[in-house]
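Since the structure comes first, as structure tokens, the remarks are kept for the end.
The values are calculated or read from the model by the stated rules, or taken from the named source; none is laboratory data. Note that the coordinates shown come from a computational prediction; the quantities given were computed from them, not determined experimentally. Every residue, glycine among them, receives a Cβ derived from its backbone with ideal geometry; neighbour counts consider all protein chains shown. Side chains are part of the model used for accessible areas, which takes the heavy atoms of the whole protein and leaves out ligands, DNA and RNA. Shrake-Rupley method; radii C 1.70, N 1.55, O 1.52, S 1.80 Å.
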Amino acid sequence: MQNYLEGLNDQQRIAVEHVDGPIMIIAGAGSGKTKVLTTRIAHLMKNGVDAFNILALTFTNKAAAEMKERVEKALGNTEARNLYIGTFHSVFARILRGEATKLGYPHNFTIYDTDDAKSVIKGIVNEMNLDDKHYKPSYIYNRISAAKNSLIEPAMYKTDSIIQQEDARSNRPVMGDIYEAYAKRCFKNGAMDFDDLLLKMYSLLTHHPESLAKFQGRFQYILIDEYQDTNLAQYAIIKMLGARHENICVVGDDAQSIYSFRGATVQNILQFQDDYEDVKVVKLEQNYRSTQTILNIANNVIGNNKNQIPKELWTSNKEGEKIVLARTMTDNDEGRFVADAIKEQQMRNHYANKDFALLYRTNAQSRSFEESLRRMNIPYKLVGGTSFYQRKEIKDYLAYLRVIVNSQDEENVKRIINYPARGIGKTSQEKILIRANELNKTFWEVIEDSELSGLRSAQIDGFVTMIKSFRTMLEKQNAYDVAFAVGKHTGLVQELYNDKSVEGLARYENVQELLNSIKEFTETPDEEGEILDKSLGSYLQQITLLTDADQNNDMDADVVKLMTIHSAKGLEYPCVFVVGLEENLFPSAMSMYDRADLEEERRLFYVAITRAKERLWVTYANSRYRFGSLVQNDPSRFIEEIPANYVDKTFTGASNRPTAGGFQGMMDQKFDKMPSLKKLADKLAAGTPPAHTPSPDFVASDAADMTVGMKIEHQKFGFGTILTLEGGANNRIAGIDFGAGHGVKKIMLNFAKLKIVS
């Protein structure tokens, strides 16, 4: 037996040893999918497949690096370094660097992150004299992103009748024009955003058959991790790349498909068997992470989804303790309960802080838990905060480096032309921008030629000369040498050093850390211990394509982790609290009227449950402040899907009440035995509002006419005020305050009948 195959269970071995032809590996939570993927790659190479002919796509650079390291260890040689392993975006960026000129882009094109893209959009909205409160850059960016991930380019967008109707209903009729202008601006700037890396890769393969043939021939074996998270663009590219050999291996779990808001579609994995007639299907159902009790709950919950590939997780681990289901009076009580439970577990079972994770549906829920943890002196970390590379001082420094590599990048030229201040004010910049648009030239082309700009300025000439001098260093100097020179000669570092405030010192330290990271990049060996491409352009591509998961470098710190469930995917902890299990929160109000959306919410709960290894708590609050008002809550429907025989229930009221046992414990037992009395007691505690009789002339108004601040009437809840409006034309959600009787409720306007009162 070959050594690298040792330790595989029967199903894992089948998945590894199936070499030729399409294969779908349904990998349940904690079933060792990374081990299967890496061992499968090692098996391919051991059986004569050249590493250069293997393409493995993941969703984080961290996962890609781990896979490459494991393959290298399994084979005992360095051939694994020749594998094409990386995220979709990093691999396609690498390919496009060599092929970009076929699409009209420079090979050193800039990659815009989300903030860069929104900045371009904001500028276009202002140039078109549109209201940026209505045409919000974040909304437009998400709309364009969704279009690109569905392979819809501007021309298609503007001619699609359904899309145009949607924009008309949302009162944004010029969305197509903005998308078109944005695409042209990015092209002129020699820049692609994240979604372009998929769209342009698809365009390359579709319109350049020689490129398609080249990469079909090269990638004879394709492996895709987390296939349930792929979108239409990724699906189409994979389909084309694998069409010649059809040696496609997809690994995923439909029960963990939770990213539809990013364009991911669970249908890709559900319909994989329809795409390939002779597909081999292998189910990995043995879980190595959790207790059987936790798995039984997870199986029961996900079993309520209709649209799924059936599987039953099991484990040889111990049965485990029952989970705790805790009901609290308020969200503050919920926070106190969690902090108390952590302290108790630390004293009883000697858990460290890092053994605990708090998972919630939305980031806004963290407040009560942060306050309680601070009060109990429990150290914690909020996962998913501001990225290091999104801080202003870092963005400013990187803007200089990006302009040196690609002077067509208008956004970054505008960012640095007067920073640090050099006397090139807004008026001059606006004149340059107007002139550039008139001539269809880039911002840099205009300032580089004073005859074009009509502006003769020593400051502008000095800026241009400085950038050109940095550019001469690119061919001879590595990334660190260029970056160090930028900090020294632009005055950037000196300006930050001169600011002796606490914030100023932090910004200065951040810039020093950036330089340290560039130094490390230039000195870290690549393949065969050889230092290869350490250019500035290579460094910029690497950091731009970092994912959120790649930037959480201190996840091993001994602190309690607080995060959304989406952020927790792929992680595991001995002790997990899943909090806020209330209707309209989890599942969210926006998922109530569509089975597909509701099933995704259930999959999200399944992901939360399966993060726990040993102990699990599920909590909810009778009342919670939302939109500035106290809202009464019903328990989430998902709670009813947890088998009662695996649950210990507890009730905690105000902080001075007992949490369980005594009189309250007896009352909880009575409530459990008499559900009808329990519901009645809950209603009495919340206060039962009087029934509303609709007005005699009640006629439902057009939902499209409703705006924030309007007074409305609901046939059941009575009179209220619209506090918030969110969602698209087909799923507008209103947050409506119905006063003391019913509080704030979220209502889907397309389904509810509301009358505008004033």
| said: Can you classify the stretch 19-81 as rounded, prolate or oblate using the Cα gyration tensor, where a ≥ b ≥ c are the square roots of its eigenvalues, rounded means a/c under 1.5, and otherwise it's prolate if a/b beats b/c and oblate if not? | reply: oblate
| query | Considering the values [x] 14, 35, 29, 15, 6, 0; [y] 14, 43, 36, 7, 0; [z] 14, 40, 34, 10, 1, 0, 0, which represents P(r) over Cα pairs in 20 Å bins from 0, in percent as calculated for the structure under consideration? | reply | [y]
| note | So, with points 7 Å from each Cα along the Cβ direction, the ALA364-PHE261 label distance in nm works out to 1.2 nm
| How far is helix 88-99 tilted off the main Cα axis of the chain, in degrees rounded to 10, range 0 to 90? | 20 degrees
| remark: Within the chain, the percent of DSSP beta bridges that are antiparallel, given to the nearest 5, stands at 30 percent
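Kindly state, to the nearest 0.05, the FRET efficiency for GLN165 paired with ASN440, given R0 = 30 Å and r defined as their beta-carbon distance.
Numbers: r = 32 Å, r/R0 = 1.08.
Once the sixth-power term is evaluated, E becomes 0.40.
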| message | Of PRO635, THR427, MET67, which is farthest towards the positive pole of the chain's charge dipole, taken about the Cα centre with +1 and -1 on the beta-carbons of Lys, Arg and Asp, Glu respectively? | response | PRO635
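Rank LEU212, LEU545 by accessible area, highest first, at a 1.4 Å probe radius?
Details: LEU212 40, LEU545 15 Å².
The residues order as LEU212, LEU545, largest area first.
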| Mean Cβ neighbour count within 10 Å, used as a protection proxy, ranking 585-591, 399-405 highest first | 399-405, 585-591
| task | Could you look at the chain and say what percent of its accessible area is carbon and sulfur, using a 1.4 Å probe and all protein chains? | result | 49 percent
| field | Largest to smallest accessible area among MET128, MET347 [probe 1.4 Å] | value | MET347, MET128
| query | What is the packing order of peptides 200-206, 502-508, taking the mean over residues of other C-beta atoms within 10 Å and listing the highest first? | reply | 200-206, 502-508
| query | Roughly how many Å² of HIS245 are accessible to a 1.4 Å probe, to the nearest 10? | reply | 70 Å²
| remark: Rounded to the nearest 10, the angle in degrees between the Cα long axis of helix 61-75 and the longest principal axis of the Cα atoms of the chain comes to 80 degrees
| Residue among HIS245, LEU358, ASN622 farthest towards the positive dipole end of the chain, charges placed on Cβ | ASN622
| remark: Residues whose modelled amide H sits under 5 Å from the amide H of PHE698, counting only those 5 or more places away in sequence or on another chain, are none
| Residue-normalised accessible area of the chain, expressed per residue, 1.4 Å probe, Å² | 45 Å²
| task | Determine how large the accessible area of VAL282 is when every protein chain is in place; take a 1.4 Å probe and give Å² rounded to the nearest 10. | result | 0 Å²
| Taking the simple approach of a point 7 Å from Cα along Cα-to-Cβ for both THR465 and LYS184, what is their distance in nm? | 3.6 nm
| note | Checked the stretch 273-398 with the C-alpha gyration tensor, a ≥ b ≥ c its square-rooted eigenvalues, rounded below a/c of 1.5, otherwise prolate if a/b is larger than b/c and oblate if not; verdict oblate
| task | Express in Å², to the nearest 10, the accessible area of GLU430 obtained by rolling a 1.4 Å probe over the protein heavy atoms while all chains stay in place. | result | 110 Å²
| With every protein chain kept in the model, how would you rank ARG348, ARG262, ARG471, ARG172 by accessible area, 1.4 Å probe, largest at the top? | ARG348, ARG262, ARG471, ARG172
| query | Summing -39500 (n - 2.57) over the DSSP H runs of n ≥ 4 in the chain and dividing by its residue number, what mean residue ellipticity at 222 nm do you reach, to the nearest 500 deg cm²/dmol? | reply | -13500 deg cm²/dmol
